[in-house]
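Taking it in order: structure first as structure tokens, then the write-up.
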């Protein structure tokens, strides 16, 4: 007897990824040109988006199209999940906040921000420096 394939509620998956990234439907609307009411219908399971539309939504959330479908993990996905599992919720929130702004920065600005973080980390007391260094090595 063949195995039944798991059904994916694509709307729930989209909503989950969107929430994890701290994005609103309005943010996705601005990034994709898709109407907020359409996104709401997708997330609530009233409409199934085309593959092309899913690709737009994935790009807007900076994820791969494969992320919408269970069982399609790549080695990169597993590595990312492992790293995320080692971070505290505060660290994840901090990184999500950084991600919101990083796409608008030039490469030079990103290097400057990293240099500032490194400098600030060296000014920390020794116990805190060890913790920062340990996390940076991950």
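We did not get these values from a lab; they are worked out from the coordinates using the rules stated. Because the structure is predicted, anything quoted here is derived from the model rather than measured. Every residue, glycine among them, receives a Cβ derived from its backbone with ideal geometry; neighbour counts consider all protein chains shown.
Details
- Ranked by the mean number of other Cβ atoms within 10 Å per residue, highest first, peptides 80-90, 52-62 order as 52-62, 80-90.
- The length gained by stretching the chain between residue 112 and residue 89 to full extension, at 0.36 nm per residue less their Cα-Cα distance, is 5.7 nm.
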